[in-house]
Amino acid sequence: MFESQKKPDFSYEFFPPRRPGAKVKLERTQEKLAALKPKFFSVTFGAGGSTRELTLETVVATTAATGVETAPHISCIGFPLERIRAVLRDYQASGITRVVALRGDLPSGTTGVGELRHANELVEFIRKETGSLFYIEVAAYPEFHPQSNTAADDLRNFKRKVEAGADSAITQYFYNPDAYFRFVDSALNSGINIPIIPGIMPIINYTELMRFSDMCGAEIPRWIVGRLRDFGDDRASIRAFGIDVTTELCRRLLDQGVPGLHFYTMNQYEASEAIWHNLGMGDRETGIDGGNSVDG
Ligand code: FAD
């Protein structure tokens, strides 16, 4: 399925912190994850414009502090074209050359979708405005985007983003690797040739996981929900189980030669770091990790 046998690229996603305490915590997280020599970091962009200045601020601070290339996300829904152009200009002026381009979601009760209604239009706009300056990542959905009528529609819409000039894709998170493998096969069969990097959400918190998954349409297998529910308030057990399950998922993906793994960190390093060690990535880096397993 995957042709390249090169070492997989790891990348880590953060959201911009709003309070000073959260900022300090994120700095610690980034320092820890930078030590794993990731390919890049990325920073989300709030739908409806809530954090667009904070995104750039966080990206610039992260690159300066860690030396790791850091990609801002950019979303288009609800923004006038002029505003998107200004954000791109700011990114360009800050020396940024990688972006994650998304449609975004309108906060409930908001009206006015803006001029660009879908991510393929945003990618097209970025290419028109800035040529090949940016390496553009887009989103992909192995379990299909919740608003798409059919899986085939969603795949066609994914292809539009690729044809508009996307270089690579990061998937919504999933816990069933077969959904991802089948999605990649369908993409290849429909002529999509860009890398499709699995998005990985380490399981840290039961309530949050259920809330996010409800919103984004990611399926949590029944057996995982049952086990998590049984743990109740026992956070240590949830964490150990979550690291175990997510490590196994990553192992299956890496065994099939995926080009990389992108972690939704929720601004926490512990689970992502433990998974990296469990996968033996330390051995590959230095040859001295001795295969020690970190299981929580
Ligand atoms: P699109 O590709 O536009 O797809 C959205 C829906 O419209 C799909 O159902 C698709 O099938 C359909 N569609 C697409 N193009 C067309 C077309 N031309 N005509 C008709 N239908 C079409 N959200 C944020 O607000 N900020 C972030 O920083 C952020 N980061 C993310 C990072 C990743 C890796 C992922 C996977 C998601 C992220 N999201 C973020 C969430 C994302 O904005 C939502 O999932 C959103 O609902 C869809 O965005 P998209 O870019 O996939 O949209």
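The values are calculated or read from the model by the stated rules, or taken from the named source; none is laboratory data. It should be emphasised that the depicted structure is a prediction, and the values quoted were computed from it without experimental measurement. A quick note on method: Cβ atoms are made from the backbone with ideal geometry, for glycine too, and the neighbour counts reach across all protein chains shown.
A few points about this structure:
- Per-region count, the stretch 28-84, residues modelled with pLDDT under 95, among the β-branched types (Val, Ile, Thr) and under 18 Å from Val138 (Cβ atoms): 1
- When Leu209 is tested against the conditions (1) among the hydrophobic types (A, V, I, L, M, F, W, C); (2) crowded, with 16+ Cβ neighbours inside 10 Å; (3) in contact (Cβ under 8 Å) with a residue 24 or more places away in the chain, the lone failure is (3).
- Of all residues in the stretch 182-207, those that are assigned to a helix (DSSP H, G or I) and within 24 Å of Arg251 (Cα to Cα) total 8.
- Of the residues Asn176, Asn157, the single one that is surrounded by fewer than 19 Cβ atoms within 10 Å (Cβ to Cβ) and under 22 Å from Cys76 (Cα atoms) is Asn157.
- Residue count for the stretch 106-122, restricted to those that are within 18 Å of Gly46 (Cα to Cα) and part of a helix (DSSP H, G or I): 2.
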